[in-house]
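Please read the structure below before turning to the comments.
Each value in this text was obtained by applying a stated rule to the coordinates, not by laboratory testing. This one's a predicted model, so the numbers in the text were calculated from it and none came from an experiment. As a convention, Cβ positions derive from the backbone with ideal geometry for all residues, glycine included, and neighbour counts pool all protein chains shown.
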Amino acid sequence: MADTDFVTALVGTLQTPGAGNVAALKAAVTASINIASQAEAEAGADDAKPMTAVKVKQQTAAAKLDVVEVVTDTYDPVATDNQKVRVLTDPDGVGLVLPNDFPVGFAATYVQGGEGQITFSVEAGGTMNQADAFTHSRKKWSAVTAVVFSNPGGASAVWIIYGDMEE
């Protein structure tokens, strides 16, 4: 709807109040507002478009933290772990091998969900940096985050590992 149609409907409604004009005004207002789509709302793609209550709910639902329990003795992170939390549970411990080909900015948190520690290592070609050279989660419910700091050439990821760790 053109801006002039909106103005005409608004002026007509204000000059002649009545129930019949309310519907015309509502239609004119609705047609003149460019509301964010669901994809735009979830991505935060456009801060100039208003969102309805439904779009806000969709955006909030899309932003919820994805927490999944994984029961295994080894775990190889996958690209879809980005910005996720994985609870690794195995009574004998979990070996977690960080890939060398993940993009800069990849970040995931790994939680020791049982008595077995998580042991962090990196694929050949990659580098793992962490305080005091610690490589294990400390105890049950310890959380450790792994972030790709750089990846020159795309196959030599430099990881920063931080969180509740020990030797």
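Restricting to DSSP loop positions (anything but H, G, I, E, B) with no more than 13 other Cβ atoms inside 10 Å of their own Cβ, which trypsin sites (Lys or Arg not before Pro) remain in the range 128-167?
Values: sites: ARG138, LYS139, LYS140; in loops: ARG138, LYS139, LYS140.
Sparse-neighbourhood loop trypsin sites (Lys or Arg not before Pro): LYS139, LYS140.
Which distance in nm do the two modelled labels at THR119 and TYR162 give, with both placed 7 Å along the Cα-to-Cβ direction?
2.6
Take every Cα-Cα distance within the range 56-167, group them into 5 Å bins from 0 onward, and report for each bin the whole-number percent of pairs it holds.
2, 13, 23, 24, 18, 11, 6, 3, 1
Ranking request for peptides 111-117, 77-83: highest mean number of other beta-carbon atoms within 10 Å first, then the rest in descending order.
111-117, 77-83
Can you give the extra length, in nm with one decimal, that the chain gains between ASP66 and THR145 once fully stretched, where that is 0.36 nm per residue apart less the Cα-Cα distance?
Gain on extension, ASP66 to THR145, equals 27.0 nm.
Compute the length gained on full extension between THR80 and LYS57: take 0.36 nm times their separation in residues and subtract their Cα-Cα distance, giving the result in nm to one decimal.
Numbers: separation 23, 0.36 × 23 = 8.28 nm, distance 2.30 nm.
Here the answer is 6.0 nm.
Loop-only trypsin sites (Lys or Arg not before Pro) in the range 60-114, please: DSSP not H, G, I, E or B, and at most 16 other Cβ atoms within 10 Å.
Loop-located and lightly packed - LYS64, LYS84.
Please report, in debye to the nearest 20, how large the charge dipole of the range 35-167 is about its Cα centre when each Lys and Arg carries +1 at its beta carbon and each Asp and Glu carries -1 there.
On the way: 9 positive and 18 negative charges, 109 e Å.
Around 520 debye, computed over the range 35-167.
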